[in-house]
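Report on one structure; see the data block that follows.
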Amino acid sequence: MDKQTDINADGTKRALSNRHVQMIALGGTIGTALFLGASTSIKKTGPSIIFVYMITGIFFFLMMRGMGEMLYADPSQHTFIAFISRYLGKRTGYFAGWTYWINLICVGMAELTAIANYVQFWLPHAPSWLIQIIFLALLASVNLIAVRLFGEAEFWFALIKIIAILAMIATGFFLLFTHFKTSSGAVSLTNITSGFTLFPNGIKNFISAFPMVFFAFCGMEFVGITTAETKNPRKVLPKAINEIIFRILIFYVGALFVIMLIYPWRSLSTSQSPFVQVFSLIGLRAAAAVVNFVVLTSAASSINSVIYSAGRHFYQLSLDSNGSFMQHFNHISSHGVPARGILISVTLCLLAPLLSLLPGISNVFALIAAACSDLYLIVYALTIAAHYRYRQSADFLPNGFLMPAYKIIDPLLIVFFGIVYLSLFLDANNQIPAILGIVWCAVFGFFASREKSTVPNVAPKPLN
């Protein structure tokens, strides 16, 4: 590809290579929820949690196929929100765009707060706000300098997570084949199969595990957002998306299987990472420090991706708006990145260190962040609805990257998202955030329906 075709029409650069995109796809599939939150998921429903991960993973894969089909047809788009505007109307796109962008800001703030806790594992007296500002400044710089630097950072962040999981899986099978005995008993398949029941803690706990697993997978769509800045997008994107299902099986299902293989699941503590518990059980004294380093890089990876994605989404919002204020952000810098969109997103993330200085605010923020996470379900459902309309539109690319049986799968996906949202009400901790999510949809949805600053939909540009 020559230099001319390395630059998109809007000035952004296709600087991400296949190596970067494959690792971004891997990193987006593996989140902090696996390293820290898997114990809670396992305790909720025992070995049958594997089925929850497999079912949710299949639906996520199908969602990515629908998203991937639209991005393959028009790789010039920086976000999948553009397709919601195009096929469901600009006001629906306005609602989805702002909702998703605010979600990203809340995720970034939550991860920043977590980073401070991880660093204080080694530096207990370091001020939380200072740690957050340093990390945010470093990762913002990575995103502002060049998209390739973002890709390189994500490559190494993802590699650390992958090595940690593969090391645990390899260790687990080695212990199994050598009949290793721990203080909790022998490493054996009987830790999983003995007294197995599908709903050991009741069907209510089984169903309420779905939201926990669902939110563990959120962020997988980041690989699609990189499409416009990827070399050979129509070659790289299908490969990255098609391999998602194998990553889920290896990294999530494989890790959970090995955790329960080594450690009797009823003995797991929900207050500690299952990785720490497993490595400590087999005699690795530095387990806590090693896992803390891994989750620190995982959180840094999440913020890095949030800054990248939030900057592109705000840039898209500025393109879709006629408002005079938003016009200041529809520019691409000389480095080929939407610098103003990145900067305003980073500025809002600075609320996290500010909140860490104020007593009693953290619980309110946690509630808002949880409500924002619930709105992922709404945005994903709108994306699939847009895909259904795309397949019936003149833009449909019959020889593209097709989702199979879309007339069945698209409605099934929307029903699944609805069931997951309803299941939030089965857990007392999720009920208020779920209600706040509905209130947001009602109030902001009303204002979005009356919004007059959005511009008419633009026809897709073919890839040259």
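Tabulated data
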| item | result |
| --- | --- |
| Members of the stretch 239-269 that are closer than 29 Å to residue 178 by Cβ, not small (Gly, Ala, Ser) and not in a helix (DSSP H, G or I) | 263, 264, 268 |
| Residues (among the aliphatic types (A, V, I, L, M) and either under 15 Å from residue 129 (Cα atoms) or not in a loop (DSSP other than H, G, I, E, B) (or both)) located in the stretch 336-352 | 339, 342, 343, 344, 346, 348, 350, 351, 352 |
| Members of the stretch 160-196 found to be among the β-branched types (Val, Ile, Thr) and loosely packed, with under 12 Cβ neighbours inside 10 Å, listed by number | 163, 178, 193 |
| Candidates 103, 117, filtered to the one that is surrounded by 23 or more Cβ atoms within 10 Å (Cβ to Cβ) and among the polar types (S, T, N, Q) | 103 |
| Odd one out for residue 141 among (1) touching a residue at least 24 places away in the same chain (Cβ under 8 Å); (2) among the hydroxyl-bearing types (Ser, Thr, Tyr); (3) outside any loop (DSSP other than H, G, I, E, B) | (1) |
| Residue count, the stretch 246-273 (criterion: touching a Leu at 6+ places or on another chain (Cβ under 9 Å), modelled with pLDDT of 85 or more and among the aromatic types (Phe, Trp, Tyr)) | 1 |
| Criterion: of a type outside the set (Asp, Glu) and under 22 Å from residue 299 (Cα atoms) - qualifying residue of 51, 35, 59, 83 | 35 |
| Matching residues in the stretch 205-218 - criterion: being farther than 15 Å from residue 62 by Cα and under 11 Å from the mean Cα position of the chain (by Cα) | 215, 216 |
| Matching option when the condition is out of contact with any Gly (no Cβ under 6 Å at 6 or more places or on another chain), under 26 Å from residue 289 (Cβ atoms) and of a type outside the set (D, E, K, R), among 130, 149, 62 | 130 |
| Helices (runs of 4 or more DSSP H) lying entirely in the stretch 174-238 (those with 1 or more residues that are out of contact with any Pro (no Cβ under 6 Å at 6 or more places or on another chain) and without any contact (Cβ under 8 Å) to a residue 12 or more places away in the chain) | 190-193, 203-217 |
| The lone exception for residue 124 - which of (1) without any contact (Cβ under 8 Å) to a residue 12 or more places away in the chain; (2) of a type outside the set (A, V, I, L, M, F, W, C); (3) not in a loop (DSSP other than H, G, I, E, B) it fails | (3) |
| Residue list for the stretch 145-159, filter: farther than 11 Å from residue 304 by Cβ and surrounded by fewer than 18 Cβ atoms within 10 Å (Cβ to Cβ) | 145, 146, 148, 159 |
| Selection from the stretch 120-135 of residues that are crowded, with 21+ Cβ neighbours inside 10 Å and touching a Leu at 6+ places or on another chain (Cβ under 6 Å) | 132 |
| Qualifying residues in the stretch 301-333 (those that are in contact with a Leu (Cβ under 7 Å, 6 or more places away or on another chain) and touching a residue at least 40 places away in the same chain (Cβ under 8 Å)) - the one surrounded by the fewest Cβ atoms within 10 Å (Cβ to Cβ) | 326 |
| Per-region count, the stretch 189-218, residues within 17 Å of residue 255 (Cβ to Cβ) and not hydrophobic (A, V, I, L, M, F, W, C) | 1 |
| Residue, surrounded by the most Cβ atoms within 10 Å (Cβ to Cβ), within the stretch 199-212, restricted to residues that are more than 13 Å from residue 43 (Cα to Cα) and aliphatic (A, V, I, L, M) | 207 |
| Exclusive hit being exposed (fewer than 14 other Cβ atoms within 10 Å of the Cβ), at pLDDT below 95 and of a type outside the set (Asp, Glu), set 428, 434, 371, 448 | 428 |
| Count of the stretch 118-129 residues which are within 18 Å of residue 35 (Cα to Cα) and either aromatic (Phe, Trp, Tyr) or at pLDDT below 85 (or both) | 2 |
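The values are calculated or read from the model by the stated rules, or taken from the named source; none is laboratory data. Values in this document were obtained by computation on a predicted structure and should not be read as measured data. Neighbour counts run over all protein chains shown; Cβ positions are idealised from the backbone, glycine included.
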